[in-house]
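Asker: Below you'll find the structure I mean.
The values are calculated or read from the model by the stated rules, or taken from the named source; none is laboratory data. What you are looking at is a predicted structure, and each value in this text was computed from that prediction instead of being measured. With ideal geometry, Cβ positions are generated from the backbone for all residues, glycine too; neighbour counts draw on all protein chains shown.
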Ligand code: AMP
Ligand code: MG
């Protein structure tokens, strides 16, 4: 990419506005909250914006015109060079525990919330630019994002959406024409994200750290109205809010675990109150089953390893409960009662998570009914997968063939270092399947809707990013997006996307590149 030097002084660029006009129909509510909740500022213009991609289907679902977004005027808006009509750009204030250490002020250091749009589904969504320039929250950062991490977030968040996981989504990506300095100088990019909101556990912590109980109350009322309207009917709305967030996080983490997804940076500032997956950094999907799997280069102690994610989520939720204590105390009558209320709420996480996990694993194994011994059967399979370096995703996908009868089990057997480890387990599984009343075909079809054939495998993601960054070749990115958009279909000719990395292809680390 022929890009100006890092030291280029960026001037606002004027464009002709041919083509359809971009109409977002912004209806902003966060901008009505008190001024101390954010900093008002426009995105910082970039030198030479170029469109990488508009997510046409998502745009339409938001009532937006994808062609307008891809027009010269649309690209200016997506790059931050023009402020769309009705946008009220904000950088949000928040705090957070990063790898266990509390930072009282983080905030959007490289993002601007443009405003909110109510989608065709009636849900209010934030539209945010990420990588859109420095803000009062930038600390030592440059406010920018490199193309590689922007494309990773695009691919993985869209894959998660297609897999059925609550998630922020990618509406568009543009390159900036300016390099950003990381370990090397890399092409810069801006991602346009769509999320149910950007309220984080860390947003509550921001006000709690300032002993700003009015701020906590205002934020809690806002979160209830936007995400947990039923809580407003409760006798204890703030306790109901806490219960709601805990419930959605339990469900979310169970979904991650059932797909082998590793977030990588489960800090409290990356934990959404709405229950969506947000802030994709050095995330990746596990290949060979191993609860200790870590990809993130910054997670040196494995704090956010695959198998630690439920515990990390609960820890984050405990920080939310702490931040809510002043409100819980008003509801419960005393500090002691508030503590007990918070403990009780947190106590619900593990059973909720475990129930969601076991129900999901039952579906993955084709078990429509609940029987004693199911949990042991499931754990035994996972143990054998771990001992035999079996690929997590493919094992479950190939079990769909084996579910039709033992003659279909060649594929899954081959994934185990010792195929007998599978076969001796499968005797018990086949016996268990006989108790089910559904036909083998119905069972296998149901299993194929819950066990994906395609995940964004790390080496494929890496290859797509490399092609884009080093050769300006976006075809592998487009191809991978197409593959992960239909994860549950077998698609002849695309087998290499379903296969685990060969040893020489394996990517053991991911970098957030911030
Ligand atoms: P993250 O680890 O990406 O969730 O970011 C943690 C915090 O660092 C947030 O407050 C971000 O806004 C901020 N941050 C990350 N990268 C940058 C950057 N390049 N410039 C400014 N702030 C950043
Ligand atoms: Mg973050």
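Asker: Which of the residues belonging to the stretch 233-285 are away from ligand 1 (no atom under 16 Å from the Cβ) and part of a strand (DSSP E or B)?
Answerer: Across the stretch 233-285, the qualifying residues are 261, 285.
Asker: Kindly provide the set of residues from the stretch 68-96 that are surrounded by fewer than 21 Cβ atoms within 10 Å (Cβ to Cβ), farther than 20 Å from residue 32 by Cα and in contact with a helix residue (DSSP H, G or I) (Cβ under 6 Å, 6 or more places away or on another chain), ordered by number.
Answerer: Hit for the stretch 68-96 is 68, nothing else.
Asker: Related question: Do we have residue 228 as away from ligand 1 (no atom under 16 Å from the Cβ), in contact (Cβ under 8 Å) with a residue 60 or more places away in the chain and surrounded by 20 or more Cβ atoms within 10 Å (Cβ to Cβ) here? Even if it seems obvious, please write down each step before you answer.
Answerer: Values: away from ligand 1 (no atom under 16 Å from the Cβ): yes; in contact (Cβ under 8 Å) with a residue 60 or more places away in the chain: no; surrounded by 20 or more Cβ atoms within 10 Å (Cβ to Cβ): yes.
No.
Asker: Can I ask one more? When you look at residue 300, is it away from ligand 2 (no atom under 14 Å from the Cβ), at pLDDT below 95 and part of a loop (DSSP other than H, G, I, E, B), yes or no?
Answerer: Working: away from ligand 2 (no atom under 14 Å from the Cβ): yes; at pLDDT below 95: yes; part of a loop (DSSP other than H, G, I, E, B): yes.
The answer is yes for residue 300.
Asker: Same structure again: Counting only residues that are within 11 Å of ligand 2 (Cβ to nearest atom) and under 21 Å from residue 226 (Cβ atoms), which one in the stretch 107-123 is surrounded by the fewest Cβ atoms within 10 Å (Cβ to Cβ)? Don't jump to the end; show me each part of the working.
Answerer: Filtering the stretch 107-123 for residues within 11 Å of ligand 2 (Cβ to nearest atom) gives 107-111.
Keeping just the survivors that are under 21 Å from residue 226 (Cβ atoms) gives 107-108, 111.
Details: 107: 23, 108: 25, 111: 27.
The extreme case among them is 107.
Asker: Let me ask you something else. Which residue is farthest from ligand 1 (Cβ to nearest atom), if the candidates are limited to the stretch 183-204 and must be in contact (Cβ under 8 Å) with a residue 60 or more places away in the chain and assigned to a loop (DSSP other than H, G, I, E, B)?
Answerer: Within the stretch 183-204, the first condition is being in contact (Cβ under 8 Å) with a residue 60 or more places away in the chain, and the residues that meet it are 185-204.
Filter once more, so that each one left must be assigned to a loop (DSSP other than H, G, I, E, B): 196-199.
Values: 196: 18, 197: 16, 198: 11, 199: 14 Å.
Filtering first and then ranking leaves 196.
Asker: Taking the condition of being crowded, with 24+ Cβ neighbours inside 10 Å and near ligand 1 (Cβ under 9 Å from one of its atoms), how many residues in the stretch 139-148 meet it?
Answerer: 3
Asker: Given (1) at pLDDT 95 or above; (2) within 14 Å of ligand 1 (Cβ to nearest atom); (3) farther than 20 Å from residue 47 by Cα, where does residue 163 come up short, assuming only one miss?
Answerer: (2)
Asker: Only residues that are more than 29 Å from the chain's Cα centre (by Cα), surrounded by 17 or more Cβ atoms within 10 Å (Cβ to Cβ) and assigned by TED's automatic domain parsing to the domain that holds residue 252: list them for the stretch 338-380, please.
Answerer: 338, 341 - these are the residues of the stretch 338-380 that are more than 29 Å from the chain's Cα centre (by Cα), surrounded by 17 or more Cβ atoms within 10 Å (Cβ to Cβ) and assigned by TED's automatic domain parsing to the domain that holds residue 252.
Asker: Scan 340, 318, 312, 356 and give me the residue that is under 29 Å from residue 397 (Cβ atoms), in contact with a helix residue (DSSP H, G or I) (Cβ under 9 Å, 6 or more places away or on another chain), more than 16 Å from ligand 1 (Cβ to nearest atom) and not in a loop (DSSP other than H, G, I, E, B). If you could, list the steps in order and put the result at the bottom.
Answerer: Details: 340 fails: under 29 Å from residue 397 (Cβ atoms); 318 fails: under 29 Å from residue 397 (Cβ atoms); 312 fails: more than 16 Å from ligand 1 (Cβ to nearest atom).
Checking each option against the conditions leaves just 356.
Asker: Let me ask you something else. Checking residue 139 against (1) without any contact (Cβ under 8 Å) to a residue 40 or more places away in the chain; (2) at negative phi; (3) within 15 Å of ligand 2 (Cβ to nearest atom), only one condition comes out false. Which one?
Answerer: So residue 139 meets the others, but not (2).
Asker: While we're on this one: Within the stretch 79-138, which residues are within 9 Å of ligand 1 (Cβ to nearest atom) and in a strand (DSSP E or B)?
Answerer: Result: 91, 96, 98, 103, 111, 130.
Asker: Looking only at the stretch 275-297, which residues are within 16 Å of ligand 2 (Cβ to nearest atom) and within 12 Å of the chain's Cα centre (by Cα)?
Answerer: If the condition is that a residue be within 16 Å of ligand 2 (Cβ to nearest atom) and within 12 Å of the chain's Cα centre (by Cα), then 276, 277, 278, 279, 280, 281, 282, 283 are the ones that fit.
Asker: Another question, then. With the checklist (1) within 11 Å of ligand 1 (Cβ to nearest atom); (2) farther than 25 Å from residue 450 by Cα in hand, flag the one item residue 297 doesn't pass.
Answerer: Residue 297 satisfies every listed condition except (1).
Asker: So, one more: Can you list the helices (runs of 4 or more DSSP H) lying wholly within the stretch 445-514 that have 3 or more residues being surrounded by 19 or more Cβ atoms within 10 Å (Cβ to Cβ) and either more than 16 Å from ligand 1 (Cβ to nearest atom) or free of Cβ contacts under 8 Å to residues at least 40 places away in the same chain (or both)?
Answerer: On the way: elements: 458-471, 475-484, 495-498.
Helices (runs of 4 or more DSSP H) meeting the threshold: 458-471, 475-484.
Asker: From the list 426, 446, 453, 498, which residue is out of contact with any helix residue (DSSP H, G or I) (no Cβ under 6 Å at 6 or more places or on another chain), within 17 Å of residue 287 (Cα to Cα) and modelled with pLDDT of 95 or more? Write out each step before concluding.
Answerer: Values: 426 fails: within 17 Å of residue 287 (Cα to Cα); 446 fails: within 17 Å of residue 287 (Cα to Cα); 453 fails: out of contact with any helix residue (DSSP H, G or I) (no Cβ under 6 Å at 6 or more places or on another chain).
Only one candidate qualifies: 498.
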